[in-house]
Each structure stands twice: as C-alpha cells, then as structure tokens.
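I have placed the structure first, in the form of structure tokens, so that the comments after it can refer back to it.
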Amino acid sequence: RAPPPLSLRHRRRRSRARVKLRWSLPHPQPSPRRGGHPPARVGSSERRWVTRVMLAAGQALVARNTLLKGLLHSLSSGRRGSSGSSSSGGSSRRRLSVATGVAPRTATASASFSSSSSSSVESPGFQRNRLPQRRPDFVGRAKLPGGASASASSAARGAASFASTSSPARATSSPSKESSSSSAYTAGGEKQLEEDVRRRSGGGFGAQVITMLPGAAVECTELENEVFATLLAVVKKHDLPVTLRVAGGWVRDKLLGKHSVDIDIALDSMLGREFAELVNQYMRSKGQETHSVGVIQSNPDQSKHLETATMRVHGVWIDMVNLRSESYSETSRIPEMTFGSATDDAYRRDLTINSLFYNINLRCVEDFTGMGLADLQAGVVRTPLPPRTTFLDDPLRILRAVRFASRFGFTLDESIVHAATDPEVQNALRTKVSRERVGKEVQGMLRGPSPGDALTLLSRFKLHDIVFAVPPAAAAQLPDTTSWACLHSVRCLDALLAAYANGGGTAFAETFTSEEREWLLLSAYLAPLKGLTVPGKKAKPAPVAETIVKDALKLRVKDAEVVTLVLDLAGLMRRQLLACDDGSCGKDIHVEYGDKGSDSHDDNAGKAGAACSLGFSRVDAGKLLRRGKEHWRLALLIGAVLEMPGVAVLGQGGEVEPWAVESAQAPPVAEALHGGDQGSPLHAFSASLGEPAKSGTFAAAAMRVRAGAATMAAKVTLAEETIAGLNLDRVWEMKPLLNGQQVMKAVGMTKGGPALGMFTERLVEWQLEHPAGTEEEAAAFLVAVGPEVLAMAAKNQQQR
C-alpha cells in the first residue's frame, strides 16, 4: 500500500535520510500505520516508518529494473526456441541451398556417435514450487576414437561427446575465422558480428562457409572457467544432485572456433531462479559482488514455455532454465510442462546445431539427438523432430532457421521448406508469435553477413505478407507479386554496391555501421511501397513503410523515422542529384566551377553557379544534405536504386514487370566482389555468382541489371565527388550567420512567427550560395527580400 503524502518539510527529511540507507539490509515489513498525514513533529517511530517504506520502495525499483534488463537481454539475444518431449522423427537428407541454384553440399561427419540419456536425482530439499518430476536415465561415459570422451547408454539416439581441451587449434575450415557471438544484440555480440560481416563482405577472404572440423573441442576462456567453477562450487556446497550444462548457441559457436557470450545454463532437477538465488548466497558469503535475479515468466500463448532466470556472475550475463518435457491434451495445443531429461530437452529445441550441450560437471560436449555434431560438420540446418512439429511448438523457429542458414551459409533441409509453407504453420506464425520477436529475428537477418539470402528465403517461403505485414487498407492496392518486387529492389541494391566497390569505392561493410546497413536494406526492400499511405493519427496519411517498421516489426521509432526520411529524400536526390541529361555519366567527367570574381579557389567552389555535368548546384545539394544529415548517403544509394531497371514504385502507378519477377526468383545477378572467391555485398554465400548465362530470359535480365548498376554506380561516385568538391562536408552543422533577434532587427519585425522561419530559410540558402559572405552582407540580403517574404507569409496565413 502506498504511504500517505508528505509535506515539503517531510520530503526534505526523507531526502536527507536516503543517503543513510543500506540496500543490503533484510526486507522490512511496512508499518501498520494507516492513512492520514504524519504529525507536524516527526518522532523516531515515524522516522523509522519513512525509512522502511523508502527502503522497500527502493528495493522494489531495483528488482523491477533488473527484471526489465533481463527481459531486454533475453529478447535481444536471439534466444533459442523452447524444448520438450522426445521422439526420434527422422527427416530427409535432401537439402535446399540458401543460395538459389547452388548445388547442395555433401560434406559428412567423420566422427562416430554413441547413445545416451541424462542423469540426475531429485533432492527432497528443493520440492517447493516445482514442476512434476520425471526421473531421468543414468549416463555412463565411454571413449570415442581419437581420444574424445563420450557418454553412452542404450537409448535409441545418443549423445556424442568431445572432451574439452586447451589446445590452441581452432575449429574453422577457412582463413576467414569468425569471432562473432551467437547473440547479435548484446554489446559484445554486436561487436563480434560487425567483425564477421566485415570479413565476409569483400574482406579479401571470400565467403567461405565455416563448419566444424572433426575432433573439434570446446575451449573455455579464463573468465568462463571462473564462472563455471563458481557454479560447481554452489552445487558442491549445497550437495545438489544437479548436472550443469551449457546449452545451445554457446556450444555451437565454440565448436566453430568462435567466441561467444551467450551462456544458457540448463538444469535437470531444479528451477533456474532457485539455483540463481543459491549462487547469489554463495557469492555474498565469499564477499563477491552480486546482482539481483531477473525472472522472465513463461507465456505459452506467445510460445514462451519456460520460466527463465537471468543474472550476472563475475560480470557475465547468464540465463538459467530447467530441462523440460511436454505432454499435450486432446483439446489444447498448450503443453503441460514437466521436468525432463537432457534428451527430452534436446529434441524440443529449434535446430539440431542448437541442441548440443556442454556438460560442465564432466567437461564434455553432449549430442543427445545424434545429429547435431554431424550437421555442424556438414553445414546443414535441420530440426530435431519433424519440422512441422517443431514449428507448431514455436512458429518463430521458421525465422530462426532462415536466420541461421543465412548467417552461416548452411543449407536448409528440404523438409523444412515443406513445413515452412504449410498453411497451419504460417497461420500460427501470424497469430501466436509477438511482433517484437519477429522484429528481432528480422533485425538479426539484416545485420548478418548475407541478408540478401535471408530475404530470398522469406519470399520463397511466402512469408513476406506475415513478416512485413501491410495494413489491410493498403494491401488491397498491391499485386500478388509484391514480395518479388521488393526482393528485386534489394537485388538491384546488391548489384549497385558490387559495381560501386569493384569500381574503386569503399566496400559496403566498411562504409556503414550495422545500424546503417539495416536502415539501407529496409529502405531498399520497402522502396516499391514508398508511394502508399494509410490513415494515421488524427486522420493524417502515414507512409506504409513507416507503419511496417513501427507496427509489423516493432522496431524503434528512430528506425521508422530514418527509413521514412531516406525514402523521401531518395526521390528528391534521384531527380536533383542523379539526373544526367547530357549522356556523359559513367565516362570521364570533370567538375567545372563558375568563377564570379573571387580570387580564392575555395570561394569559387562554393558559388551558386558551381555546376557539373550532373546538373546540380551547391544550393540544391546543400539543402538536401542539411535535411538528410548523416543519412544522406543512404538516400543517395536508394535514389540510385529507384533508377535501376525493373524497380517499380507501386503507389505511384508503377507496375511490376514480369522479367523483374523472374529475375528475383532466379539466382542473384550482382557481379562477384573483386578480391574474394565468391559472393556479393548482400549475398555472401551465393556460389552461383559470376558471369550469367549467355542466352535465355534470365541472362538478358541479369545483363540488364548489371549494366544499370554500372551506370548508377558511376553516377553515385560522381555525385559524391561533386559534393566533396563543393565543400559540403557536414553542411548540416552550418549555423545561420544571424540569430533570430538579429534577423528580426534587420527586417524590422517586432515579434516572431512563420515569417521568421521563412527568413531563416532564405538566409541559409544565401549562405550556401555565398559561403564566404559576412553578417553585413547577409543583413543586406534579408532587407532586399523582406517585402517578398512578408507577403508570402501573409498569404500563407490567410490560406490557413
């Protein structure tokens, strides 16, 4: 119950008392005092009452912030899907390549695999708030060929284990070793993903697919060993019959030779929050820093089946969750949860490559599906159970399969393709999964090394209308080929970036940050929809692209604003900066500056008469750059994409040409980056890149797109050189020579209003035309245009 309101004097006393609070004290019970204001003179009992209430409120605030932080951490870590009951469920070995037209890879694992289940015994001391118990099987250990240790039992499908080692050998199959984390959204993971993208997108190593080498081992860092030692010490101190396992992405990345910060601890005999509280108790007893435990409750309606506890141990974020098994009633798709074995849990995970465990107690890797290690070696994305069962359990796993396939360059098992296009599965993705989770997966695809492959798979699986949901009012105006029109726009951007980089420009991954790459790709993909609007707030028209980013993907407001700005500016830059009427684009073009009598070369570069063969002046370019600010290069590229062959703006009367649809359905058309073995800026793993066929519809379309890309790349390069020659670098930071008061004094105004803004705008245009102008010259200019501006302001006021 909230305390009664306090007077100003009492609030000041409370503020002074706050510095004396100790947050480590036990939780106080609220005072039984009810209602009314404190007496005028506060005694010791009232003072204690205020202190206790403040302490309780502060602790509640800390707990809330910790919970929110844990929730954000979990949502942004590309979490693995839920897990549950076991069933072998074999699936076809046929696979669909991520890159269209690429022959499937045939690499096979050379390690032998044996069978096993997990072991644990339930402790009577931890029965409080438990799920129903299921006694797991006992696990023994056996030796594998080559010295690797494995757990073994008589289960039908087993657990292959590779012993942990400190050998410096890395588990990579190409010189372009990855160091990215499995979490694309944490601070460390974002940095590692950046390095991964830069290496794979024209970094000189090509686009090699990195798979696990036979006999690969998990190598823990000193910090990870310290964390694991602390967790094992907790188990030993309380004599807990629990087996600690690291699950999912951390194990996968370690076996691929990468660093990972995404540590998920799976517990086989107790809830995560219970073990997290014991960890904090142990660390406090050792005088070590502790952090509050955040608990993310399960939400079966949104396919969130497990309660997750999140905490920090020695500065490392850790998620803790119990192993589970599931059973379904005949009338409900919401499962009944029970404690399960590691085998049960592994079969209920999203993909086999994410179903691996690292047993901290035994220091070995466990593959309870018998497929995870083999698929990691062969580069295959497969589900442990039949894909339809796995996807109906959590439909978001369709998008996760696409994201991992495009991230690693792995091939998709063909059974996933059939399940992803199943109407029931797609309806579950539309209705059961929150838009925030969908947006996070799309964000991971766009920031990955091969976003073009991810968007291609979304179109092939007919997921465009679900992921990039268009409001019904606008959807009725769109043709059935909208998804292919959007993909063709991205393919044109890919060809443009390849031509730009091969022509001597900076590589795509080195030019923009991951955030800017995401904005650029969203803008290119939604460019065909830029002319469509829907009713927004107060019946004002809102761009469909902005609505998709904000509502369908639930990304930040800033993301929606930047995409909208880029699309708006792209149309203006297309007409004003990239128009080339003299036919000289792409040839030896030089910039000519008009001389208006100034002796300074720099002054000449800034005159309004400065013009080039592209036909824009310093004023034109300066105004556009001031509006776009640091995003102007994104808008320039999208403006060039709008000029590419086959790109149609559907909301402005454009129609999707049949050849453009066929081109989008075929392999990528961009030329391969120079200095790499294969791949283009947006299709890093497309081995089919290269010279297109010399006959056929696709060959003609490919040559047409490549020719258009070469022309527009030359225009973009020329525009950038012209802008640099006009000294417009960071022109948006230019301040008006006269402030508001000085402008009003110069034109004789007594108060501000719309006219003042119009005068300031004209002053900025004058400064762009006369970069060396003085305040006196600026004031004289305002006096000269004063009557015109005042008359225009009065006319606008009357129209309102």
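See the values below:
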{"item": "Filtered residue count, the range 747-770, keeping only those that are in contact with a Gly (Cβ under 9 Å, 6 or more places away or on another chain) and either open to solvent by 50 Å² or more (accessible area, probe 1.4 Å) or among the β-branched types (Val, Ile, Thr) (or both)", "result": "6"}
{"item": "Positions within the range 628-649 being of a type in the set (A, V, I, L, M) and either surrounded by fewer than 23 Cβ atoms within 10 Å (Cβ to Cβ) or within 20 Å of Ala710 (Cβ to Cβ) (or both), in sequence order", "result": "Leu636, Leu637, Ile638, Ala640, Val641, Leu642, Met644, Val647, Ala648, Val649"}
{"item": "Failed condition for Gly257, given (1) on the phi < 0 side of the Ramachandran plot; (2) open to solvent by less than 50 Å² (accessible area, probe 1.4 Å); (3) of a type outside the set (Phe, Trp, Tyr)", "result": "(1)"}
{"item": "The range 650-675, residues that are in contact with a Phe, Trp or Tyr (Cβ under 7 Å, 6 or more places away or on another chain), surrounded by fewer than 21 Cβ atoms within 10 Å (Cβ to Cβ) and touching a residue at least 40 places away in the same chain (Cβ under 8 Å)", "result": "Val661, Gln665, Ala666"}
{"item": "Residues satisfying the stated conditions in the range 771-782, i.e. more than 48 Å from the chain's Cα centre (by Cα) and open to solvent by 80 Å² or more (accessible area, probe 1.4 Å)", "result": "Glu776, Glu777"}
{"item": "Qualifying residue in the range 376-387 (condition: assigned to a helix (DSSP H, G or I), more than 20 Å from Val549 (Cβ to Cβ) and without any contact (Cβ under 8 Å) to a residue 40 or more places away in the chain)", "result": "no"}
{"item": "Subset of the range 257-286 (residues that are outside any helix (DSSP H, G or I) and basic (Lys, Arg))", "result": "Lys258, Lys286"}
{"item": "Any chance Thr343 is modelled with pLDDT under 95, farther than 24 Å from Ile466 by Cβ and among the hydroxyl-bearing types (Ser, Thr, Tyr)", "result": "yes"}
{"item": "Selection from the range 370-379 of residues that are touching a Lys or Arg at 6+ places or on another chain (Cβ under 6 Å) and open to solvent by less than 10 Å² (accessible area, probe 1.4 Å)", "result": "Asp375, Gly379"}
{"item": "Search result, residues across the range 725-753 that are assigned to a loop (DSSP other than H, G, I, E, B) and among the β-branched types (Val, Ile, Thr)", "result": "Thr750"}
{"item": "Flag for Arg245 being part of a strand (DSSP E or B), over 28 Å from Pro395 (Cα atoms) and at pLDDT 90 or above", "result": "no"}
{"item": "Condition broken by Glu424, with the remaining ones in (1) over 30 Å from Val227 (Cβ atoms); (2) open to solvent by less than 30 Å² (accessible area, probe 1.4 Å); (3) without any contact (Cβ under 8 Å) to a residue 40 or more places away in the chain satisfied", "result": "(2)"}
{"item": "Where Leu362 falls short, out of the listed (1) touching a helix residue (DSSP H, G or I) at 6+ places or on another chain (Cβ under 7 Å); (2) surrounded by fewer than 21 Cβ atoms within 10 Å (Cβ to Cβ); (3) closer than 25 Å to Leu267 by Cα", "result": "(1)"}
{"item": "Criterion (open to solvent by 10 Å² or more (accessible area, probe 1.4 Å) and among the polar types (S, T, N, Q)) met by exactly one of Thr390, Thr431, Thr383, Thr456", "result": "Thr431"}
{"item": "Search result, residues across the range 737-746 that are within 23 Å of Ala794 (Cβ to Cβ) and open to solvent by less than 60 Å² (accessible area, probe 1.4 Å)", "result": "Leu738, Gly740, Val743, Met744, Ala746"}
{"item": "Set Ala266, Ala217, Ala233: member being small (Gly, Ala, Ser) and open to solvent by less than 10 Å² (accessible area, probe 1.4 Å)", "result": "Ala266"}
{"item": "Test result for Lys537, open to solvent by 70 Å² or more (accessible area, probe 1.4 Å), modelled with pLDDT under 90 and over 30 Å from Ala772 (Cβ atoms)", "result": "yes"}
{"item": "Verdict on Lys254 being charged (D, E, K, R), more than 19 Å from His314 (Cα to Cα) and either at pLDDT below 85 or part of a helix (DSSP H, G or I) (or both)", "result": "yes"}
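The values are calculated or read from the model by the stated rules, or taken from the named source; none is laboratory data. All figures in this text were calculated on a predicted structure; none of them were measured in a lab. Counting neighbours? That spans all protein chains shown, and the Cβs are built from the backbone with ideal geometry, glycine included. Calculation scope for accessible area: heavy atoms of the full protein, side chains included, ligands and nucleic acids excluded. Shrake-Rupley method; radii C 1.70, N 1.55, O 1.52, S 1.80 Å.
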